[in-house]
Amino acid sequence: MGKGRLEAFSDGVLAIIITIMVLELQVPHGTDLRALRPLIPVFLSYLLSFVFIGIYWNNHHHLLHAVHHVSGPTLWANLHLLFWLSLIPFVTAWMGENHFSAWPVALYGVVLLAAGTAYYILVRVLIRRHGADSPLAVAVGSDFKGRTSVAIYAAAIPLAFVRPWIACAMYVAVAIIWLVPDRRIERTLAARS
């Protein structure tokens with residue numbers, strides 16, 4: 001089956017996720033800049049999550065550009081990813097409202113770990129569908145960035161109970177790793193054209 005509906009549905013869900021997150025930014029009651037101070041943790045958690053959603057959207061777009069068709073397992077793997085991403089607004093709000101306390105930071109990491117794992121599963125399902133010699137399989141290769149990201153999330157979760165700011169720094173590090181769009185798929189497709 002074609003991939004158009006999967007792409008459109010995923011884009012819609014990601015747009016809704018961003019919309020839900022921004023609605024957590026409440027307007028302050030004061031009229032001077034000091035009234036914004038209590039919103040700083042909320043804004044920082046929103047900013048980090050916005051970047052993560054953007055990274056997933058960008059990479060999801062490239063991923064689906066490299067394939068020609070999807071299957072039932074692909075649809076389920078994609079829904080699995082969207083489920084975990086749909087929890088980001090909740091953990092974002094909890095983390096920001098509680099000023100990056102241990103449990104909210106740890107649960108944020110659990111959701112990021114689950115989303116990263118779900119994305120890995122989606123990639124593997126698509127590679128299985130299109131073959132080990134497909135442009136997608138060649139482009140992804142050993143997926144060092146993906147595996148490293150999941151390992152960093154897994155390490156950050158217990159660290160959240162020791163020093164939440166270290167866990168947050170690790171989440172930021174993963175975002176930085178992925179901030180530059182993954183060009184492997186673009187390069188592979190261009191080389192095969």
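The values are calculated or read from the model by the stated rules, or taken from the named source; none is laboratory data. Values in this document were obtained by computation on a predicted structure and should not be read as measured data. So basically every Cβ, Gly included, is an ideal-geometry build from the backbone, and we count neighbours across all protein chains shown. Ligands, DNA and RNA are excluded from the accessible area calculation, which covers all protein heavy atoms including side chains. Shrake-Rupley method; radii C 1.70, N 1.55, O 1.52, S 1.80 Å.
Data table
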| quantity | calculated |
| --- | --- |
| Two-site label geometry, residue 121 and residue 58: point separation in nm, points 7 Å out along Cα→Cβ | 2.6 |
| By accessible area with a 1.4 Å probe, ligands and nucleic acids excluded, highest first: order of 144, 52 | 144, 52 |
| Accessible area of the chain divided out per residue, in Å², using a probe of 1.4 angstrom | 53 |
| Dipole of the chain, positive direction: furthest Cα of 61, 174, 135, with charges on the beta-carbon | 135 |
| Residue 176-residue 16 pseudo-label distance in nm [points 7 Å out on the Cα-to-Cβ vector] | 3.5 |
| Accessible surface ranking that places the most exposed of 33, 82, 179 first, with a 1.4 angstrom probe | 33, 179, 82 |
| Nearest-10 value in Å² for the accessible area of residue 65, using the 1.4 Å probe | 120 |
| Area of residue 20 that stays accessible when all protein chains are in place (1.4 Å probe, Å², to 10) | 80 |
| The chain - Rg (one decimal) and Dmax (whole number), Cα, Å | 17.9, 60 |
| Helical contribution to [θ] at 222 nm, DSSP H n ≥ 4, -39,500 (n - 2.57), averaged over the chain, rounded to 500 | -25500 deg cm²/dmol |
| Cβ charges +1 (Lys, Arg) and -1 (Asp, Glu), total dipole of the chain, debye | 460 |
| Distance (nanometres) between label positions extended 7 Å along Cα→Cβ at residue 183 and residue 71 | 3.3 |
| Area of residue 19 that stays accessible when all protein chains are in place (1.4 Å probe, Å², to 10) | 70 |
| Solvent exposure, largest accessible area first (probe 1.4 Å, DNA, RNA and ligands not counted), of 1, 21 | 1, 21 |
| The chain: DSSP helices with Cα axial extent of at least 24 Å and average Kyte-Doolittle hydropathy no lower than 0.5 | 4-23, 40-65, 102-130 |
| Hypothetical label at residue 25: residues of the range 89-120 whose amide nitrogen lies under 17 Å (7 Å Cα-Cβ projection) | 89-90, 92-97 |
| Solvent-accessible area, 1.4 Å probe, carbon plus sulfur percent, for the chain | 70 |
